[in-house]
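Participant: Sharing a structure below in structure tokens format, with a few things to ask.
The values are calculated or read from the model by the stated rules, or taken from the named source; none is laboratory data. Source: prediction; values computed, not measured. Neighbour counts are summed over all protein chains in view; Cβ atoms, including those assigned to glycine, are modelled from backbone coordinates with ideal geometry. Keep in mind that these areas ignore ligands, DNA and RNA; they rest on the heavy atoms of the full protein, side chains included. Shrake-Rupley method; radii C 1.70, N 1.55, O 1.52, S 1.80 Å.
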Amino acid sequence: MDKLESVLIAGAWQPSIAPQGSFHASDPARAAAIGPHFPVSGPADVEAAVQAAARAAAELAATPAERIAGFLDAYADAIAADGDALVALAHAETALPMEPRLRSGELPRTVDQLRQAARAARRYTWTDPVIDTRAGLRTHRAPLGKPVLVFGPNNFPFAFNAVAGSDFASALAARNPVIAKAHPLHPATSQRLAMLAHQAVLSANLPAASVQMLYHFDSATGLALAGDTRLGAIGFTGSRHGGLALKAAADQSGVPFYAELSSVNPVFLLPGALAQRGGEALAQEFFASCTMGSGQFCTNPGVLVVPVDAGAGQAFLDAATALFETSAPKLLFSRDGQRGVERAVASLREAGAGVLAGGDPGAGEGFRYRPTLLGVDAAAFLRNAEALQTEAFGPVSLVVRASGLAEMVAVAAAFEGNLTGTMYRADDGGDDAAWQAIAAELRPRVGRLIADKMPTGVAVSSAMNHGGPFPATGHPGFTAVGMPAAIHRFTALHCHDGVPDALLPVELRNRNPGGVQRLVDGQWSTADID
């Protein structure tokens, strides 16, 4: 067997214990193997990592906030300094463009997330301290006291990486050890990030097992791990099929499971917006969003609803069809990804959708699929709404042709939970009544309601909700992006009843270090309590 790369367990890079095989990355543009061989970890690696993380949990929970913040800031600085090497590795393993996607987009976003998490840790903003002096009660969010298992996705080698992304930063900011399960499509990128994280852990004098990383394990090992009661929580970003299997195992053992699973992100074009902006301009915007990143975004606009009785509705359809039909095949991350898109398109066609453009991989080297537009009438969509919401993780979208507002409202009511829902409206208020009617059905079904722009972008802001009702995520009350709210997933609510001031956590004491904002007797305050 070829020499295998080491795994990061218990504060040291070491050979995998009894690996269950090996794998390597592929260059999607050439469908060719690249890089070294990485181990597929078995139960022995997993057990060693869980034991080490469990031992580190209490010490990390008691670590001063400034030290945690120092680690997150140092790690952010290290990623920024190592940007050239990281971008080159991620490009080789994913074929994502170095510019602007990786270098100017995702890498700075990742650094910013870590720095936002550091600020939240330093200022205690994630702890939500609440004090009731009359009842003698003080409550805040606190570390879980157990490790967090993080699964990274295929489509963001930096910003959602299991050892660098939002879940990772959120769990560490709340002072929980992280066991990172890297995605096998970008193992060398994850390895380099883990090396930087490990050095930052040691420099910050955190417990050495605060950050551990395994490259891959089989589904049986993953399911057993997800049900391990020594875990405090799980953060997952990935496929609906895999996520639901892991969620079932976690639910069986009572392990909180925070997942991003599936979303078609419906877009509604209202008649006034079509008339004002023009069908061709909106078609350009729609096509650009559908094909950005080859459609491999969880916020890709997978279903668009257009009123064909509006004058510009047919112009939109004609222009969009032409754009999809004349576009070259787009690169996908893997052979499995290509097959997944093929299966999804076949399922949509079987459910009653017709192919307007594309519908096959097309010609070209590597893993590719042609931009594909499908269409269905609203009445047919309503008869088979569940199947026609099948997510195609690639440059694929379904247009639902509606005959008027009543059909558009009915379609909105038929959607399952999604990350986003979008409506384009006229500036003059002429669409506002239609907006309100559709929003009454759409708003409870989406985490983020968007006006007049495609849903693809996700700002790293404290006001962002990158979440939504099931099956978009596992819980509608949490977000995977935006500090400090994203940190809340990996916390426990602790109440202190009559506990003396000297024995309380610092943010709950009468003396308020650093001016931490607290809810005291129903009023927000940063002042000391008499």
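Participant: Could you tell me the accessible area of Tyr124 in Å² (1.4 Å probe, neighbours in place), rounded to the nearest ten?
Facilitator: Accessible area, nearest 10 Å²: 40 Å².
Participant: Still on this structure, I have one more. Have a look at Pro100, Gln517, Ala406 and report the one farthest towards the positive end of the charge dipole of the chain, computed about the Cα centre with Cβ charges (Lys/Arg +1, Asp/Glu -1).
Facilitator: Most positive-ward Cα: Gln517.
Participant: Rg to Rh for the chain: what is it, with Cα atoms only and Rh by Kirkwood? Intermediate results must be reported in sequence, preceding the final value.
Facilitator: Working: Rg = 24.1 Å, Rh = 24.2 Å.
Radius of gyration relative to Kirkwood radius: 1.00.
Participant: At 0.36 nm per residue, and after removing the present C-alpha to C-alpha distance, how many nm does the segment from Asp309 to Glu386 gain when stretched out fully?
Facilitator: Values: separation 77, 0.36 × 77 = 27.72 nm, distance 2.51 nm.
Taking 0.36 nm per residue and subtracting the Cα distance, the gain is 25.2 nm.
Participant: Something else about it: Using alpha carbons only, how many degrees (0 to 90, rounded to 10) separate the axis of helix 240-253 from the longest principal axis of the chain?
Facilitator: The answer is roughly 40 degrees.
Participant: Based only on the alpha carbon positions, what is the Kirkwood hydrodynamic radius of the range 1-138, in angstrom? Walk me through the numbers before you get to the answer.
Facilitator: Numbers: mean 1/r = 0.0537 Å⁻¹.
Kirkwood radius, the range 1-138: 18.6 Å.
Participant: Same structure again: Provide the solvent-accessible area of Trp435, counting protein heavy atoms only and rolling a 1.4 Å probe, rounded to the nearest 10 Å².
Facilitator: Only protein atoms counted, so the area is about 50 Å².
Participant: Of the peptides 474-485, 181-192, how do they stack up when ordered by the mean number of other Cβ atoms within 10 Å, highest first?
Facilitator: Top of the packing list down: 181-192, 474-485.
Participant: For the range 252-306, give the percent of accessible area contributed by carbon and sulfur heavy atoms, probe 1.4 Å, rounded to a whole number. Kindly include the intermediate steps, with their values, before the conclusion.
Facilitator: Details: 780 of 1500 Å².
C and S fraction of accessible area: 52 percent.
Participant: Right, another one. Excluding Phe217 itself, what net charge comes from residues whose Cβ is under 12 Å from its Cβ, given Lys and Arg +1 and Asp and Glu -1? Don't skip to the end; give the middle numbers.
Facilitator: Numbers: positive: Lys181; negative: Asp45, Glu47, Asp218.
Net charge around Phe217: -2.
Participant: At 1.4 Å probe radius, can you tell me the per residue accessible area of the range 53-125 in Å²?
Facilitator: 39 Å²
Participant: Still on this structure, please answer the following. Can you work out the accessible area per residue across the range 408-530, with the rest of the protein chains kept in place, probe 1.4 Å, in square angstrom?
Facilitator: Numbers: 5380 Å² over 123 residues.
Heavy-atom accessible area per residue stands at 44 Å².
Participant: Further, regarding this structure: Checking the a/c ratio against 1.5 first, then a/b against b/c, what shape does the Cα gyration tensor give for the range 384-477? Provide the component values of the computation, followed by the final result.
Facilitator: Numbers: a/c = 1.56, a/b = 1.14, b/c = 1.36.
Because a/c hits 1.5 or more and a/b fails to exceed b/c, the range 384-477 counts as oblate.
Participant: I've got another one for you. Just how many pairs of Lys in the chain have C-alpha atoms closer than 21 Å, counting pairs that are eight or more places apart or on different chains? Working shown, then result.
Facilitator: On the way: Lys3/Lys181; Lys146/Lys181; Lys146/Lys247; Lys181/Lys247.
Eligible lysine pairs with Cα atoms under 21 Å apart amount to 4.
Participant: While we're looking at this one, here's another question. Compare the peptides 487-496, 414-423 by average per-residue count of other Cβ atoms within 10 angstrom and give them in order, highest first.
Facilitator: On the way: 487-496: 19.4, 414-423: 23.1.
In decreasing order of mean packing, 487-496, 414-423 become 414-423, 487-496.
Participant: If I ignore ligands, DNA and RNA and count only protein heavy atoms, how much of Phe158 is accessible to a 1.4 Å probe, in Å² to the nearest 10?
Facilitator: 0 Å²
Participant: Would you compute, from DSSP H runs of 4+ residues alone, the mean residue ellipticity of the chain at 222 nm, taking -39500 (n - 2.57) per run and dividing by the full residue count, rounded to the nearest 500? Show your work: numbers first, answer last.
Facilitator: Details: 15 runs with 189 residues, N = 530.
One gets -11000 deg cm²/dmol as the mean residue ellipticity at 222 nm.
Participant: Considering only protein heavy atoms, what per residue accessible area in square angstrom results for the range 216-355 with a 1.4 angstrom probe? Each step should come with its number before you reach the end.
Facilitator: Working: 5200 Å² over 140 residues.
Averaged over the residues of the range 216-355, the accessible area is 37 Å².
Participant: Still on this model: Average projected area of the Cα convex hull of the range 191-350, in nm²? Intermediate values should be presented prior to the final figure.
Facilitator: On the way: hull surface 56.3 nm².
Reported value for the Cα convex hull: 14.1 nm².
Participant: Right, another one. Could you please state how large a percent of the accessible area of the range 409-529 is carbon and sulfur, counting protein chains only and using a 1.4 Å probe?
Facilitator: Numbers: 2780 of 5190 Å².
In the range 409-529, the share of accessible area belonging to carbon and sulfur is 54 percent.
Participant: Report, in cubic angstrom per residue, the convex hull volume of the C-alpha atoms of the range 161-257. Mind showing how you got there, number by number?
Facilitator: On the way: hull volume 8.9 nm³, N = 97.
So the per-residue hull volume is 91 Å³.
Participant: Then there's this: Rounded to a whole number, what % of the accessible area of the range 1-110 do carbon and sulfur atoms account for, probe 1.4 Å?
Facilitator: Values: 2660 of 4550 Å².
C and S atoms contribute 58 percent here.
Participant: Using the alpha carbon gyration tensor of the range 257-356, what are the three equivalent-ellipsoid semi-axes (square root of 5 times each eigenvalue), largest first, in whole Å?
Facilitator: Details: eigenvalues 133, 49, 39 Å².
Those come to 26, 16, 14 Å.
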